[in-house]
Amino acid sequence: MLSVHRLRVLREVVSQGSFSRAAEALSYTQSAVSQAIARLEAETGTPLVERHRRGLRATPAGEVLVAHADTILARLDPAEAELPSVIGVSGGRLRLASFPTAGATLMPLAVATFKSSHPNVELSLTEGEPEEIASRLREGEIDVALLFEFRGVRESLGSGLKTVELLEDPMHVALPAGHRLAERATLRLDDLREESWVQTSVQSPCARHVVRCCHAAGFEPSVSFESDDYQTVQGLVAAGVGVALIPELALSTVRADIVIKKLSQRTASRRVVAATSRGAAEAPAAAKMIGVLVDVARQYGGRAAA
């Protein structure tokens, strides 16, 4: 079945004559637009746009789809605008997504709270890294997502999203018990320049940020091991093969044979947000879930501070 969302993107690309102008009109990133067209072409098994001297234009197959898209969307748009006010939060479905550490801490509490008040709304939950989830959110495959980004970093979640900030998730230093720095109250990254490091896989946003922070402190981290499972990271630290920076959300359970220390630099902190797509009408259920996530994050933040 063809995606209505991707038909809308195709219509805009053909109308604008370029991916970049279509992205601006839809408040998407150019990457999200090109991915939507690529997926639609994979679904149909044929090219839908082609380049010519004035930009992009529809192929014959693309022209057929755009013609039908105009008819479909002309009838669908009013229905999408009217339906949420009729359904409210008494039924329907809400598709949720989260990055793993929030999926293990914030999201379960939010789901339980939401279900207690709205038991007839069908909830689903998927996990992934923020970049992947943000793309699916823009494409209309997800309704509400928990994402994170690092302040002051050029890598961001991109345009086309409405976000509500939930909390700051600082990264802390994990050391083996008995480490020479274990008695200090706080540490600077410069204190760790001679250490071996354990971190998440090199392509993950947290690993990239750890490297950026180390570069800002004037050194290149010597990475000994990588794992995207923070319990495995704790185990490797406990074994004495390296130190690590671990987000606070990943420290709901801490091994007895490691020591967690605060960092003096505030740059090693990520901003956790609840996000919806700017290009879609926000359903009442999504708005309710955002409110629940705000309350859950406030409660969690209080416990973390304590």
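The values are calculated or read from the model by the stated rules, or taken from the named source; none is laboratory data. What you see is a predicted model; the values in this text were computed from it and never measured. When we count neighbours, we look across all protein chains shown, and the Cβ atoms used for this are built from the backbone with ideal geometry, even at glycine.
Structure summary
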{"read-out": "Candidate set from segment 215-246 (those that are crowded, with 22+ Cβ neighbours inside 10 Å and within 25 Å of the chain's Cα centre (by Cα)); member that is farthest from ARG193 (Cα to Cα)", "value": "TYR230"}
{"read-out": "Residues located in segment 7-28, provided they are at pLDDT 85 or above and either in the same structural domain as ARG136 (by TED's automatic domain parsing) or polar (S, T, N, Q) (or both)", "value": "SER15, GLN16, SER18, SER20"}
{"read-out": "Selected residue [modelled with pLDDT of 95 or more, out of contact with any helix residue (DSSP H, G or I) (no Cβ under 9 Å at 6 or more places or on another chain) and of a type in the set (S, T, N, Q)] from SER196, SER156", "value": "SER196"}
{"read-out": "Test: ALA239 is at pLDDT below 95 and of a type outside the set (D, E, K, R)", "value": "no"}
{"read-out": "Helices (runs of 4 or more DSSP H) wholly inside segment 94-164 that include at least 3 residues being aliphatic (A, V, I, L, M)", "value": "106-117, 130-138"}
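This table checks each residue for (1) free of Cβ contacts under 8 Å to residues at least 12 places away in the same chain; (2) touching a helix residue (DSSP H, G or I) at 6+ places or on another chain (Cβ under 6 Å); (3) closer than 25 Å to ARG184 by Cβ; (4) not β-branched (Val, Ile, Thr).
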{"position": "SER224", "(1), (2), (3), (4)": "no, no, yes, yes"}
{"position": "VAL233", "(1), (2), (3), (4)": "no, no, yes, no"}
{"position": "VAL241", "(1), (2), (3), (4)": "no, no, yes, no"}
{"position": "THR253", "(1), (2), (3), (4)": "no, no, yes, no"}
{"position": "ASP257", "(1), (2), (3), (4)": "no, yes, yes, yes"}
{"position": "VAL272", "(1), (2), (3), (4)": "no, no, no, no"}
{"position": "ALA285", "(1), (2), (3), (4)": "no, no, no, yes"}
{"position": "LYS288", "(1), (2), (3), (4)": "no, no, no, yes"}
